[in-house]
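> I have a structure here, written as C-alpha cells, and I will follow up with some questions on it.
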Amino acid sequence: MEEARDHFRRACDLGHGRACYNYGVMSYQGLAFGEQDMEHARWLYDRACQFDHAAGCFNLARMAFNGEGGQVDLAVARTGFEASCDAGLANGCNGFAIMLEQGQGGPADRTRARSLYQQACSAGETEACDNLASFDIGPVTAETLRAGLEAFEADRFGEAMRLLRPHAENGEPAAQYALGFMYTYGQSVSRDFLAAADWLTRSAEQGYEHAQDLIVRITPNIAQARYRQYSANTQFVC
C-alpha cells in the first residue's frame with residue numbers, strides 16, 4: 001500500500017487525474033497512512049476533477065454536499081455533480097438534478113431537473129427513477145397516502161412506490177415501511193438491502209412494528225450488502 005500510495009502521489013503531482021482519484025480513495029478509506037484523512041481525500045478528488053476525471057468530480061461533489069473533509073459547500077457540490085454528469089456518470093446527473101430541483105448551490109431549474117432525472121433513470125440509476133416518480137406525483141395529500149397504501153396492500157407495487165415515496169420522505173412511517181419492503185423483495189425496483197435498511201430504520205425508529213420485525217429478519221443481508229459496497233468503494237481505477 002505504501003508503494004502504491006507513493007506511485008499515485010507522484011503521478012498525481014504530474015497531472016494524472018486517475019492517480020489523484022486513486023490516491024483520494026486510499027485517503028478516504030484509510031489505506032494511505034493507516035487511517036482516514038477525509039480532508040486530504042477531498043483535496044485529491046478536487047485535483048482529480050481539475051484534471052477532468054469524472055469520478056473525482058462526483059466524489060468531490062458528494063463530500064462537499066455532505067460536509068465530509070470540510071464544510072458543506074453547495075456551490076462546489078453543484079459544479080462537481082454537473083461536471084460528472086457532463087462526463088456521462090448517471091449518478092452525477094441524479095445529484096445535479098436534485099440540486100436543480102431544490103435550488104441548491106444556484107438557481108432552481110425544474111425543467112432541466114426532470115430531464116436529468118429521466119436521463120439518469122434511462123441509464124439505470126435507480127434513485128433517479130424514484131426521484132422522477134416523486135417529481136411527477138405533484139402535491140402530497142392524505143388522499144395520495146391512502147391510495148398508495150391501498151395499492152401496496154393490493155400488490156400494485158409500481159403504483160405504490162410512485163405514490164408513497166413522497167410521504168416516506170416526509171416522515172410517514174407506514175410509507176417508509178412500504179418502501180423498505182419493496183426494496184427488500186425487489187418489488188417494482190431492483191432489490192437493494194441498503195435502501196431497504198434506510199427506509200425500515202426510519203420507520204422502526206418511529207415505533208412501526210412491521211418495520212422493526214422486517215429489519216431484524218434481513219440484518220444478515222444488510223451486513224453482506226454493506227461489505228460489498230465497502231469492497232467496491234476501495235477499488236482503484238487504473
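> Only residues that are surrounded by fewer than 23 Cβ atoms within 10 Å (Cβ to Cβ) and either touching a strand residue (DSSP E or B) at 6+ places or on another chain (Cβ under 9 Å) or in a helix (DSSP H, G or I) (or both): list them for region 100-112, please. Walk me through it before giving the result.
The initial filter retains those residues of region 100-112 that are surrounded by fewer than 23 Cβ atoms within 10 Å (Cβ to Cβ), namely 101-112.
Those that are surrounded by fewer than 23 Cβ atoms within 10 Å (Cβ to Cβ) and either touching a strand residue (DSSP E or B) at 6+ places or on another chain (Cβ under 9 Å) or in a helix (DSSP H, G or I) (or both): GLU101, GLN102, ARG110, THR111, ARG112.
Yes/no matrix, rows are residues, columns are (1) modelled with pLDDT of 95 or more; (2) aromatic (Phe, Trp, Tyr); (3) within 23 Å of GLU39 (Cα to Cα):
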position	(1), (2), (3)
HIS53	yes, no, yes
THR79	yes, no, yes
GLU82	yes, no, yes
LEU89	yes, no, no
ALA97	yes, no, no
ALA108	no, no, no
ARG114	no, no, no
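Conditions tested, residue by residue: (1) at pLDDT 85 or above; (2) surrounded by fewer than 18 Cβ atoms within 10 Å (Cβ to Cβ).
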{"site": "GLY186", "(1), (2)": "yes, yes"}
{"site": "ASP198", "(1), (2)": "yes, yes"}
{"site": "THR201", "(1), (2)": "yes, yes"}
{"site": "HIS210", "(1), (2)": "yes, yes"}
{"site": "LEU214", "(1), (2)": "yes, no"}
{"site": "PRO220", "(1), (2)": "yes, yes"}
{"site": "TYR227", "(1), (2)": "no, yes"}
{"site": "ALA232", "(1), (2)": "no, yes"}
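> Take the residues of region 27-47 that are crowded, with 23+ Cβ neighbours inside 10 Å and of a type in the set (A, V, I, L, M, F, W, C): which is nearest to SER84 (Cα to Cα)?
LEU44
> Run down ALA178, ALA123, ALA160, ALA195 and say which single residue is outside the structural domain of ALA97 (by TED's automatic domain parsing), among the small types (Gly, Ala, Ser) and within 19 Å of ASN91 (Cβ to Cβ).
ALA195
> For region 89-123, give me the residue count where each residue is under 13 Å from the mean Cα position of the chain (by Cα), over 12 Å from PHE135 (Cβ atoms) and of a type outside the set (A, V, I, L, M).
5
> Oh, and also: Can you find a residue in region 70-88 that is at positive phi, surrounded by fewer than 24 Cβ atoms within 10 Å (Cβ to Cβ) and in the same structural domain as ALA19 (by TED's automatic domain parsing)?
Here is the first cut: in region 70-88, the residues at positive phi are 70, 88.
If we keep only those that are surrounded by fewer than 24 Cβ atoms within 10 Å (Cβ to Cβ) as well, we get 70, 88.
Within this subset, residues satisfying the condition of being in the same structural domain as ALA19 (by TED's automatic domain parsing) are 70, 88.
Yes, the conditions are met somewhere in region 70-88.
The values are calculated or read from the model by the stated rules, or taken from the named source; none is laboratory data. Fair warning: this is a prediction, and the values are worked out from it, not measured in the lab. With ideal geometry, Cβ positions are generated from the backbone for all residues, glycine too; neighbour counts draw on all protein chains shown.
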